[in-house]
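The values are calculated or read from the model by the stated rules, or taken from the named source; none is laboratory data. Note that the structure is a prediction, hence the values are computed from the model and not measured. Quick reminder, even Gly has a Cβ in these numbers, built from the backbone with ideal geometry, and neighbours come from all protein chains shown. Protein only, heavy atoms only, side chains kept; ligands, DNA and RNA dropped before computing areas. Shrake-Rupley method; radii C 1.70, N 1.55, O 1.52, S 1.80 Å.
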Amino acid sequence: MNFDENIDRRGTHCSKWDMMEPLYGLSSDDALPMWVADMDFRPPAAVQQALERMLRHGIYGYFGDEAAYREAICWWMANRHGWQLDPATIFTTHGLVNGTALCVDTWTEPGDVVALMTPVYHAFARVVRGGGREVRELPLVQQDGRYRMDFDSWDERMTGREKMLILCSPHNPGGRVWTLEELRGVADFAARHNLILVSDEIHHDLVFPGQRHIPMTIAAPEAAERLVMMTASTKTFNIAGAHIGNVIISDEKLRNAFARRHQALGISPNSFGMHMVTAAYSPEGAEWVDDLVRYLDGNRKAFDAGIAAIPGLRSMPLEATYLAWVDGSGAGLSSEEFITRVEKEARIATNHGQTFGLGGDGFLRFNFACSRAMIDEAVSRLQAAFSDLQ
């Protein structure tokens, strides 16, 4: 795979490129899209070949017999994460935002409260509030430049109305790979407040050298009676358009409740996604991911070095994901001024920190899953936009 190849995605109904102008007023002719969390890379050849086989066959009916698909997931989790799972515990959803919404719908009622460790992936709060529930924000704290959990302060914020806690592991946008101690602390917190614990682990394959992701089910097996695991191939292999993800539930009582809601809402798999996932979760896919992570690590280092050269700006050290979390507060600029310089002067579209909840104000999230040439261009533009600070 040549990750340096610049693939023109403009005019292909690509949200990341084609929606910049209507949402940001930035033309894809000269602006850089570093917002939507997908990559500008083609997936492994095995994925493309699976789709080509479908096209040659030419009939696109309902998907049946999920055995190979489930076996591929089990093989991947065992070989990449040391997680032995029962294929019968896997539910397929239309991505993990849909999976999150289904969890909220299954185990909470309108008016209930769902706890989120903020700042965190903005879609969580969107689906919680969209379902008529409330959000309890549990702010992460910064220590040595990284996010840490503060269980004592979180205990004080709880009111007894909370029914669910959603964990983002690895963390988006801060890039933390939570330690065993931290994950066990989360499980204890959920037990202490009698919460269903939903662990979104969509970035679990995109972990940088020196770090190890631990699935929550391995970190705290005693939490099984309240634990719901969510995983997906879509971030790993850049197939988000397949809209396919997995909710994995080992506890029979929880699994039966979710199955009833899953069936009631008529959720059924996308045949294209099923074939893509089955092909991706393979030895060829594993080799591709290893190459990808090495390339992303190089991008991360190049981007962070460029940010570090701008006085007052700081990129939070990432342990996982391809999403840089940049703090502009040290430059003496308001959030609005920071955004204006990045978007209007550097002409780069980013995600605004305040959309991630408490603690996000003053930050911007940059997607660096693109060619190294684009990273170099982005760094050059940012340094020019903040040149008066130098």
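Summarise the accessible area of the range 31-133 (1.4 Å probe, protein heavy atoms) by the percent that is carbon and sulfur. Using a 1.4 Å probe with all protein chains present, the range 31-133 comes out at 53 percent carbon and sulfur.
Placing SER27, SER169, SER334 in order of accessible area, with the largest value first and a 1.4 Å probe, yields SER334, SER27, SER169.
Choose one of PRO311, THR278, SER233: the residue whose Cα lies farthest towards the positive end of the charge dipole of the range 185-325 (beta-carbon charges +1 Lys, Arg; -1 Asp, Glu; about the Cα centre). The Cα lying farthest towards the positive end belongs to PRO311. Figure note: ARG372, ARG129, ARG226 ranked by solvent-accessible area, largest first, 1.4 Å probe, ligands and nucleic acids not counted: ARG129, ARG372, ARG226. From the Kirkwood radius over Cα pairs of the range 64-129, Stokes-Einstein at 25 °C and 0.890 mPa s returns a whole-number translational diffusion coefficient of 173 µm²/s. The share of accessible area on the range 150-282 that comes from carbon and sulfur is 47 percent, using a 1.4 angstrom probe. In terms of accessible area, using a 1.4 Å probe and ignoring ligands and nucleic acids, THR217, THR159 rank largest first as THR159, THR217. Across the range 72-183, Cα pairs under 8 Å and at least six residues apart give a relative contact order of 24 percent.
Computed with every protein chain present, the accessible area of THR278 is close to 50 Å² [probe 1.4 Å]. Heavy-atom accessible area for HIS193, with the other protein chains in place and a 1.4 Å probe, reaches approximately 50 Å². A 1.4 Å probe run over the range 119-166, with the rest of the protein chains in place, finds 48 Å² accessible per residue. Entry note, the range 258-364: relative contact order of 16 percent, from Cα contacts under 8 Å with a spacing of 6+ residues. Relative contact order, whole percent, for the chain stands at 24, derived from Cα pairs under 8 Å and 6 or more residues apart.
In straight-distance terms, cross-link reach from LYS344 covers every one of the lysines whose alpha-carbon lies under 16 Å from its own, apart from those fewer than eight places away in the same chain; here that gives an empty set. The three principal axes of the Cα atoms in the range 146-190 give end-to-end lengths of 30, 18, 16 Å, sorted in falling order. Applying a threshold of 29 Å to the alpha-carbon distances of LYS16/LYS301; LYS235/LYS301; LYS16/LYS253 flags LYS16/LYS253 as lying beyond it.
Whole-percent P(r), the range 157-215, all Cα pairs, 5 Å bins from 0: 4, 18, 27, 22, 15, 9, 4, 1, 0. Within the accessible surface of the range 303-390, defined with a 1.4 Å probe on protein heavy atoms only, the carbon and sulfur portion equals 50 percent. When a/c is below 1.5 the answer is rounded, else prolate if a/b is larger than b/c, else oblate, so apply that to the range 33-80 with a ≥ b ≥ c taken from the square roots of the Cα gyration tensor eigenvalues. In terms of gyration-tensor shape, oblate.
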